[in-house]
Every structure is written in structure tokens, then in C-alpha cells.
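Q: Got a structure for you, questions after.
Just so it is clear, none of the values below were taken in a lab; they were calculated from the coordinates. Bear in mind that the values here come from a model prediction, so they are computed numbers and not experimental data. Every residue, glycine as well, gets a Cβ built from its backbone with ideal geometry; the counts of neighbours run over all protein chains shown.
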There are 2 protein chains.
Amino acid sequence: MSRTEGREDPVTALLEAVRRQVEPDRSGTVAGYIPQLAQAPPDRLGLAAATVDGALYGAGDDTLTFTIQSISKPLVYGLALEDRGVEEVMARVGVEPTGEAFNSIRLTPERGTPFNPMVNAGAIATTGLVRGDTPAERLERVRQMLGRYVGHEVEVDGAVRDGERETGHRNRAIAHLLRNSGVIEGDPEAVLDVYFAQCAALVTCRDLAVIGATLANRGVNPLTGVRALAEPLVGTVLSVMTMCGMYDQAGRWVVEVGLPAKSGVAGGVLAVLPGQLGIGTFSPRLDEHGNSVRGMLACRRISSGAELHLLDPPNAARETVRRRYRCSARRSRHRRDAPAMALLGRIGDRIRVYELQGELMFAGAEAVTGAVLADSDGASAVILDVRRLGPVNAAGARMMGLMAESLQEQDTPVIVAPEGTHPGLADALAVRGVAWPTGFPSVDEALKWCEDRLLAGAGALVPVEDEVPLGRSELGEGLTPGETRRLEAVVDRLDLAAGDVLYRAGDPPDALFGVAAGEVALVAGVEAEKRVRIAAATPGTLLGEASFVDGRPYGTDAVAVTPVRVWRLTRAALEEIPDEEGRLIRTRVLLNIARSLADRLRQAAQEIGALS
Amino acid sequence: MSRTEGREDPVTALLEAVRRQVEPDRSGTVAGYIPQLAQAPPDRLGLAAATVDGALYGAGDDTLTFTIQSISKPLVYGLALEDRGVEEVMARVGVEPTGEAFNSIRLTPERGTPFNPMVNAGAIATTGLVRGDTPAERLERVRQMLGRYVGHEVEVDGAVRDGERETGHRNRAIAHLLRNSGVIEGDPEAVLDVYFAQCAALVTCRDLAVIGATLANRGVNPLTGVRALAEPLVGTVLSVMTMCGMYDQAGRWVVEVGLPAKSGVAGGVLAVLPGQLGIGTFSPRLDEHGNSVRGMLACRRISSGAELHLLDPPNAARETVRRRYRCSARRSRHRRDAPAMALLGRIGDRIRVYELQGELMFAGAEAVTGAVLADSDGASAVILDVRRLGPVNAAGARMMGLMAESLQEQDTPVIVAPEGTHPGLADALAVRGVAWPTGFPSVDEALKWCEDRLLAGAGALVPVEDEVPLGRSELGEGLTPGETRRLEAVVDRLDLAAGDVLYRAGDPPDALFGVAAGEVALVAGVEAEKRVRIAAATPGTLLGEASFVDGRPYGTDAVAVTPVRVWRLTRAALEEIPDEEGRLIRTRVLLNIARSLADRLRQAAQEIGALS
């Protein structure tokens, strides 16, 4: 079904426009070599397109069935490759274009093998390679294979099959020549039985579009998720379609349309844009080469209108590195004390972050390694932010591994965050002898780890177990010693074990917290697998101050990462400090809260700037 | 030069690995039909790769010069297409593969034209089509054209040229046959003079890689930025290389390597991955087809090692829509009063935002239109966030235009933000009769415009010219009428004209501001063309509160968008209100500041969540 039932979408609009453009062309003649084909309705016209993510569009007579004919050839070739392996098939059928017509009887002079599997000689030889003990069993395997491509049971038109069998004298001659040169083993008639039946399989042009989308989708039918062809063989089938699919018009077709394609004598045309979509057309009138006149024209117009030419792609490498920044510009959301923050401001530029996007294939990986290595002097760590990164292939991952190996020599970790979305990439970074983690659940945690490592190297990492005095914390900053003692008297001390929850998102706020010792993580998300660590608070910092001032529920959970000691200050306790001293303390705490909020807002603005 | 001088980068590592793998192969023989070629150092081996963004890598003997030979054929073919147009060239030279050897003398039986421009017959005919009054002028134009491809002057090896001229009897026979059938006009010797010289142009395998990168980059040399071939002809040249570049091995080459390629008898091989990179190799020993043994092997290994097969690309359509959200989840940073914010919380989900990424070609555009149209019921506006969007081709833009047309019928604008980066896309959205802007400088401004339109439609847009009472503003909220009067007495009123600056980023803070009437934009960025509107403040909201509490300089400029009235409250004025009342007002203002900061921090957290 179309994804936009009942609405005029742009793809249907394109198919309709092409349909109207080519519809008036009445040139060509319906195949007449058997009566069953000659009866085809000559003026019917159907167009369809299917994408690799499973959307299907049609226009005109897109649900009319016809026999698949030669469009079965590349599909049966794929089955033969699966059954016999590439070497055995290539030993019997070549892959070279000949510039000759579909029914050429010419074989290679040296060995009597067909030039390629798209001409009848090669296709008959290919059918002979399909495994099965009997012709019926072989045909059933072909029918099952076609069913995986189209996503439903495929029927054979018995009348067309019988018509072909009765009049197929030239094909019979070819089969006997192939038997003569040993390309076919056993009875040629048994092979021809399967061949004539495979050509009479019934499809619609929507089916052809889905077959095309399956080939475009590396062999998996995108509507059903069922694999129709082993992935490593898809490129081979598409290569042969490219070189030989259009017989003696193959060169012109590649120049003008630029899509691997195959036509059938009943009026079908199949075209494929690898990685993107499949196109199917149906129009029975044929040109002198045996190709559907309006089908070819429609493919030409769809290709030029939608700019699908395979050899005319956009630049793929641009902007794989979407942004790069240093930790001096964007720190982790780990709340640290002022001296640590100041030190990070000075030496944080040794931590380099690269935001990747698009696909990480060879060209994209080259762009990344080029950018990272050119700027690796003085780098203490490289973080690859892969949140926007699309597919990574093995070649791309391998290049990242080589880069990590090269940086390992200068003791610079290469880290991927978040981990888990691109396991192949994380594996590739885990080079031999690596002494650090190669992935973190979030960029923020990767930044924190790199900051800790940098601060530890500079001898400036405050151990989280040390307790900060209240008067030097964000909560009590600016108070006189006397005021600090008054505040200490109304503050509760809570000790939490690692894993204990201080408060939960949605809880009404009842107090303001200050971290005296240990580390508290702020965590969002309800479902366990979607929980994200938003920030962390270390000794000396405030917690829950936004809710304390506006009374709105907490936005995150606060969970102890280590054993933690916190100060808890309720509104009532703050109010109960009497006299002028109480007023001064309340004003100072409010100012401390406002400053902490202002500081966090500045950090958030910086992060928004870094993200957008 | 390599981008990573002196460091082992992954691309050089790949080239070195392939060099070591193929180096030991000593099979094949150096071309010996003229003595000048027979003297080539048989065991030299060079490899190079160049990317479409201008990085160049080499290994082995990558700076050794040799004659370009047949690799000139596709390049001269491109020049002939430029000089004569596609139709005239195709009338004289076909584009069909023949499965025959490079020196085949066979012409089409009907018209005596060569089958394709890659066999000698077609190449000689093509050279005859290059414009110029004399052979010297034609050769000079060929030499200039080669210079644009490689990025420097190209010299012709006179000895090789003379050797070819003396022994080129078969080519002479071909030229006379072509003269006989009228494909060549004038003196065949004059054409052959240019042909022999073009084949003797000197290149290195680094040059070949750059030629390949130029073809991969739609005809523009990525190292120099100079165009070598008109963009519409690049696909044609690559098509002919794909179909005919490897002569009678073309099919096998496409199956196994999957890259348009061309070899030369002096030992060079050129291969192209469109949109990504060019490869050049040099190794003089040839197989029986006249192709460099180790060059072919190296291309095979590079293609499989780096997964470059043209017909085996990754899925292109996935994730063009990176994220989608509604304005109820993320509002503009336009500070509005509480009733308007509450209303937007309820009806803001009618504004739909789609973040796009990757390339917007046919398949990507299909994914976008599918997603937008399937969810367009009740949509009041569709914003396309194109900050992460890569190239958009004409087909992609056209489909967006069709979508906009379809949504225009339900009065739903389709808006692109930021505007300017993808002018073709914005143009396509400006469909006939459109009554709204189709682009905004930022997503935030697009959101604001859509919110204003939605609020106006609901009768709830407060005109910016209305003045808010101080007691109902964020500054004076919660004060008693008496306290409000006391505060009013110490507040300055400033009237600004549109365009006036209230403060600049970096200014030390001297006061807190409240907007009484009008709209103030917060703008970041120093250079005029990089200035970004970060947020906007409308009547009733606070300005400059973060700097007011922590004393740090303002982070943005504040600029009046309309005529504006602001309240200005200095720290000194706030301090001078005496007695208990002054203390209560100060505490209340501090709490109001903290609440405003908490509110903005929550919005920032939401935006960070939306962005990441």
C-alpha cells in the first residue's frame, strides 16, 4: 500500500505525470510469436515505484498481471549463484556484453559457453544450474524464490507456458547447442520445461517495483523483511543487469538512464537504483529490439525527472565531520568545584570532540581520519559523537581502527559515544593492548571521563570521598563564619549508599540539597533501557535548586553513584532562623541559588550553541 | 600533498598494504611494440588515491611519469562532447560494448561507425571531432584539457609519439576505414598526429588519481577548483568507461571491481567511484588483453578492501528525517506571558518540526514527504529544520514543492529554516499564490512566526505595543500594590526605537531590565553575516537577569525589534529602598530572578533534549 492513501503525494504525482507524458505513444507492436501474448491489451500502461524502506507507489494499470518473461533471468541467475557458487556458474556462463540481440545463438568460440546470462542462451544454461532432482522440483524452487522477491505466491500462466513450449524452436536449438558443449547436462527438454514455465510467471508492475526495491535493498524485500537473495550476490546480479540487461542497447541505456534494468517480451520493464528504489512498468507494445516502447520511455523520464542516474551521484564525503569542538568550549555537565573548572578552561582544549553524520564508508572515513590526524598534536583524547551517524560499513570501521592504532602510540584514546549504536565501530577502536574504555553511554560521560583523566594527569582531580566545608560550597558561599554555623544548625545531613535515590523526577520539591561528598547522577527516562544520565553533581555543588525556587516537580531522578553525603535544607528550616541574621542568610542562599542557575543557564546556552 | 604529512594515516596504510600484496607478482610483459615503451622499468609499482574533497594519497613509485596512452580516450571523448554536442558525437561513434579487443577494426555493419569511443577506432574518430583549425591547435586544446584534469601543465613525450607514429600501421588502417565511411573528415594523417601525441602525454599515477577524483567530483578538479568537464557530460563519460573501458573484460571488471575504469598500455590504470574518489595505479607489465597485471589486481583489492563497488551502496533513504517534534514539546525561545505559554502548551502540537539530514535526493525526499503527509492532519504549519541537511538536488527540491502545494490546500505553510543554505529548496516551497514566507533565518524565528500565527488564529496574540503593568510582570510579580509603587519609584523608564541597542555582549552588567512594551531580540555573533537571533523578549519578561546576579558580562546583544519601553533597575537603586519594605522587595526581586532563571533553564534542558 502507498504510505499516503488518498492524498496526492509527490511520488504518485511524478508517476502520474510520466504516465500522462508517455500515454499517447502508440508505436511498436505487441509480441505475436504465440497467440497468448498477441492477445495482450496493447494500450494498457502501468507504472510503479518502491523504496528501500518499504513505501510502494503506483499509477495507471498497476495491478494488471502479465508474464514476467526475460525479467526472470537475473532472478534465476541469482538462485543459480546461490545453488552453485560464483566460480561454477561463471565457468559455464560468462558476464560479458556482446552487443547482440536477446535470441542470439552465438557462444564463445573457445569453449561454447554463453556470453552472459541475460541472452536466451545464457538464461537457459542458468536455469539448468538450479538445483532440484526433477524439473517440477526445480520449477517449485524458482517459484518460491520469485515469491520471496514479490512478497506473495506467484502463479505460472499455463497457457503462455504451453504456447512458448510449442513454438520455442530457436530456444530448443540453443539448448541442444549448450548440451553439445557440455554447458547443460542431462536432457535439454527438462531444462526447457523449467525455462518456459519461469518465463510464464505472472506479475504486476507493482511486483516488479518490489523486486527492484529488494535488489536495491541488498536482497531483502523491504515490505516483508524476507531475504530473496544472499547479500554478497546482489552486486553480481546488478552488475550483469547493468552490462547485459538491455542486450544490444545496453550502452545507450546506461548513458541515458543509468540504472541496472531488465525488460520482458510481455511488456514489463524492471529498473533498480541500488540503495534507493525499484521501478516497474508495464506496456505491451515493443520496439524492434523487443523492449516495451513506453516502458523504456517511462524509465528514461523517471530517471531524468528524479535524477536517478547511478553515475551521477552527489558528493558523498562532504560533511561527515559535522562539527568539531574542544572541551574548553563545551565541558561535561559534571558539576565540579571552581579550581577544577578553571583548570579545564585552560587545558580542556586537549580533549577533541568530533560530531559525525551521514554514512561512514571509505570516503567519509577518509574525511574523518584526515580531520582528526591533522589536528592530533597535543590531543589528550578524541571523542567521536556518533548520535547523528548513519550506517558504518566494515571498510569505514577498519579505517577508524587504524586511526585509533596510530593515536594509541601517543597515548591518546579514541572513544565512541554513545556506545551500542555502532558496535562494529566500537570493536574496531578496541585495538590490541588498549588500556581504556572505547565507548561510553553518552557524550557527556565520555567528556567526564576524559576530563577526569586530564585533571588526574595534572594532579588536580579532587577525590569524591573528600567532604567540602559548607561555607565553601555553593550553598553556603559568601556567608560569614557565624552565619555558616547558624545555617549548619538547621541543615540535615543524609548519608546515601551507592544506588540510593535522593529524589525522583515528578516528586514535589520539599528541600534544597548540597553535595558534601560523593557523586550524584541526574538521570532522566522512565524505561530502564532509555534512562540517560543528564548530569552529575560532585562535592560542593547544589541540587534541586530550580524546583526549590519555583515549586515545580523535579525534572530528573537524583541517584547516588558513590557513597554520598548531602545537606538537606527545607524551606521551613530556612524560614525558622530568626531576626536580621535569618534574613541575611535567606537572601544570601537565594543569591547563591540564582548564581548557580545563571551558571547552569550559561553552560546550557553553550551546549545549545555546540549542538545547533 | 597528503593531508597528514609524516603520519601513517589509514588511506596510506591501505595503499601500502595493497602495494605489499601485489608487489611480488612478476607476471605479464611490458608493451614492446615500440622500443620507447619496451624500456619501461618493468618492476616499478605506484598507487594513488584522491578524494572529492581534495585529499591525495600515494604509495610506492607514485611520482614516476609514464605515457597516458588509452586513458586519454575518455577524456578526449569528453572534450569532443563539449565541442560537438552529444547528438553529433553519438551519430559518429556509438556507446555499445562489443566484447572485442582494444585494437578491433570492426565497425557497425549499417553505417561504418565505431562501436564505442574506448576501442582504438572510436578513439581515433573522437579525436577527429575535437575542434581546432590545425592539428597543432587541436593538440594544444587536448593538452590544456588534460592540464585542467591533473592541475598542472602536461608534456608530451616526443620519442614515444614518434615511435607510435612510425609503427602505427593498424591505427592508420583504421583511420582510413573511418575516412572511407565518412566518420573522419579531411586528412586521416592529421587526426592520427593528434591521436599519437595525446597518447604520449606524460602523467604519474597521482595524476591519474586526481583525474579520477575530478570525474568523481562532477567534473571539477577538487585540488584546484578548476572545471575540466561540463557537469552534464560527466555521467556520459563515466557510463562509457563502465560499459567499454575494459574492452572484452568489461563485464568481469564490473562484477569484480564495480568501478568505471580505463587502462593504458604503458601500465597506467584509472578507476573512479562517482561522488567519492579516484584511484590511479602504475605497473608496466601487461596481461594478454593489454591491461596492467598488478594495476588491475591493485584496483580489485582496493575496491574490495574499501568496499567501493558502485552497485553495492548502503541504504540511502534511511533517516533523512532525523527527528520530528511538535511545538508543544519545544517552543520558540520567544518569552511570552503565562496565558500565551499555557495556550501554546495546549494547541502547539499543531506546529510540526522535521529535522532533516543527509542528502535530499529522490529517495530521501520520498521519505520526508511520506512522513510529513502521513502526519499532516491538524497541522497548522510544517517547519523543515535544514541545519544538518546536506546537498539537495533538483529532483529532491521539486518533490518538496509538490508537497508544499498539497499542504497549501489546507492552509498549512511549509517553511525552511535556516533560509539561505539551500536556496533551491526555499524556491521550490514558494509555490504559486503562497501567502506566507517560506524561509526564516533560524528555526527559532520560524517557530515564533508559527506560534504567532497559531495564537492570532485563536484570538490570543497580545499586541507587542500594549504596555504590561509592572506588578504583573516577571520583575514585580508577587509584590503588594504598595511595594509595587515603591519599586516603580526607583525604576527608570527607557524608550527605544526599533534597531536601538539596549546592551551589547561583553558589556559589564549595570542593571536588570524588564520589558514593558515592544519586542527585544537577543542576538549573538560579531560579524554581521554570522549574527544569530538567540531569543526574543516580549512585554512582561525579564532581561539581563543572569548577569545581574553573577556580575559576568552579557552573553548577547539586546536590540529593539519594535519601538520598546523597558524598566531599568540598577543594583544601587534597589539597595536604596529603605527599611523592612526594601528588604522584602529585594528578596522578592531575587526570587523572581531565580524563578525566571529556573524557567529558562527548564526550557534550555528541553531544547537540549530536542537537539540531542
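Q: Treat each spin label as a single point 7 Å out from the Cα along the C-beta direction, and report the A:Arg172 to A:Ala101 distance in nm.
A: Once both label points are built, they end up 2.0 nm from each other.
Q: Do the sum for the protein assembly as shown: with -39,500 (n - 2.57) for every DSSP H run of n ≥ 4, divided by all residues, what is the mean residue ellipticity at 222 nm, to the nearest 500 deg cm²/dmol?
A: Value at 222 nm, helices only, nearest 500: -13000 deg cm²/dmol.
Q: Moving on. Region A:485-544: which GluC sites (Glu not before Pro) are DSSP loop and have at most 12 other beta-carbon atoms within 10 angstrom?
A: Passing sites in region A:485-544 are A:Glu527.
Q: I need A:Asp377, B:Asp375, A:Asp287, B:Asp385 ordered by Cβ neighbour count within 10 Å, fewest first.
A: In increasing order of surrounding Cβ atoms, one gets A:Asp377, B:Asp375, A:Asp287, B:Asp385.
Q: Please work out whether region A:36-86 counts as rounded, prolate or oblate from its C-alpha gyration tensor, where a ≥ b ≥ c are the square roots of the eigenvalues and a/c under 1.5 means rounded, while otherwise a/b larger than b/c means prolate and anything else oblate?
A: The shape class here is oblate.
Q: GluC sites (Glu not before Pro) within region B:403-481: which are DSSP loop residues with at most 15 other Cβ atoms inside 10 Å?
A: B:Glu409, B:Glu465, B:Glu467
Q: Sort B:237-249, A:229-241 by packing, meaning the average of other beta carbons within 10 Å per residue, with the highest value first.
A: Most protected by this proxy first, the peptides run B:237-249, A:229-241.
Q: If you line up the long axis of helix B:443-457 against the longest principal axis of chain B, both from Cα atoms, how many degrees apart are they, to the nearest 10?
A: 50 degrees
Q: Using the 7 Å Cα-to-Cβ label point, sort the distances from B:Pro437 to its equivalents in the other copies shortest first and give them in nm to one decimal.
A: 4.5
Q: When the label point is put 7 Å from the Cα of A:Arg453 along its Cα-to-beta-carbon vector, which residues of region A:335-349 have a backbone N closer than 17 Å?
A: A:344, A:347-349
Q: Still on this model: Regarding the protein assembly as shown, what whole-number volume in Å³ per residue does the convex hull of its Cα atoms give?
A: Measuring per residue, one finds 186 Å³ for the Cα hull of the protein assembly as shown.
Q: Please compute, for peptide A:587-595, the average count of beta-carbon atoms on other protein chains lying within 10 Å of each residue's beta-carbon.
A: 6
Q: By its C-alpha gyration tensor, with a ≥ b ≥ c as the square roots of the eigenvalues, how is region B:369-498 shaped: rounded for a/c under 1.5, else prolate for a/b larger than b/c, else oblate?
A: It is prolate, given that a/c is not under 1.5 and a/b is the larger ratio.
Q: Using the Karplus curve 6.51 cos²θ - 1.76 cosθ + 1.60 with θ = phi - 60°, what ³J(HN,Hα) values do you get for each residue of region A:119-130, in whole Hz, with x for Gly and Pro?
A: Along region A:119-130, the couplings run 6, 4, 4, x, 5, 5, 4, 5, 4, x, 8, 5 Hz.
Q: Rounded if a/c is under 1.5, else prolate if a/b is larger than b/c, else oblate: which is region A:478-595, with a ≥ b ≥ c the root eigenvalues of its Cα gyration tensor?
A: Verdict is prolate for region A:478-595.
Q: Which value in Å is the Kirkwood Rh of region B:75-229 over different Cα pairs?
A: 15.9 Å is the Kirkwood radius here.
Q: Further question: Looking only at other chains, what is the average number of their beta-carbon atoms within 10 angstrom of each beta-carbon in A:253-261?
A: 4
Q: Can you give the convex hull volume per residue for the Cα atoms of chain A, as a whole number of Å³?
A: 190 Å³
Q: Find every distance from the label point of A:Val490 to the corresponding label point in the other copies (7 Å from Cα along Cα→Cβ) and write them in nm, one decimal, shortest first.
A: When each copy's label point is compared with this one, the spacings are 2.3 nm.
Q: Per residue and in cubic angstrom, what volume does the convex hull of the Cα atoms of region B:91-140 have?
A: Spread over its residues, the Cα hull of region B:91-140 gives 85 Å³ apiece.
Q: Arranged by the count of other C-beta atoms within 10 angstrom, fewest first, what order do A:Arg301, B:Arg432 take?
A: The fewest-first ordering by Cβ neighbours comes to B:Arg432, A:Arg301.
Q: To the nearest 20 Debye, how big is the dipole of chain A about its Cα centre, given +1 on the beta carbon of each Lys and Arg and -1 on that of each Asp and Glu?
A: 800 debye
Q: So what's Rg/Rh here for region A:1-121, counting alpha carbon atoms and using the Kirkwood radius for Rh?
A: Dividing the radius of gyration by the Kirkwood radius yields 1.07.
Q: Under 14 Å from the 7 Å Cα→Cβ point of A:Arg111, by amide nitrogen: which residues of region A:55-95?
A: Correct set: A:86-95.
Q: Taking a point 7 Å out from Cα toward Cβ as the label site, list the nm distances between B:Leu202 and the same residue in every other copy, smallest first.
A: Here B:Leu202 shows inter-copy label distances of 7.1 nm.
Q: Right, next: Dividing the alpha-carbon radius of gyration of region B:137-206 by 2.2 N^0.38 Å (N being the number of residues), what value is obtained?
A: 1.21
Q: Further question: Mind giving me the FRET efficiency for A:Asp466 and A:Asp411? R0 is 25 Å, r the Cβ-Cβ distance, nearest 0.05 is fine.
A: 0.35
Q: Let me ask you something else. For peptide B:386-393, compute the average count of partner chain beta-carbon atoms within 10 Å of each residue's beta-carbon.
A: Mean partner-chain Cβ count within 10 Å for B:386-393: 4.
Q: Same structure again: If you filter region B:261-369 for GluC sites (Glu not before Pro), then keep DSSP loop positions with at most 14 other Cβ within 10 Å, what is left?
A: Sites meeting the loop and neighbour criteria: B:Glu288.
Q: By count of other Cβ within 10 Å, fewest leading, how are A:Thr541, B:Thr51, B:Thr113 ordered?
A: B:Thr113, A:Thr541, B:Thr51
Q: Can I ask one more? Given H placed 1.01 Å from N in the peptide plane, which residues other than close sequence neighbours of A:Leu286 have an amide H under 5 Å from its amide H?
A: A:Thr29, A:Val30, A:Ala31, A:Val293
Q: Can you run the Rg to Rh ratio on region A:266-356? Use alpha carbon positions and the Kirkwood inverse-distance Rh.
A: Reported Rg/Rh, Kirkwood definition of Rh: 1.51.
Q: Still on this model: What is the spread of the Cα atoms of region B:303-434 along each of their three principal axes, largest first, in whole Å?
A: 62, 34, 27
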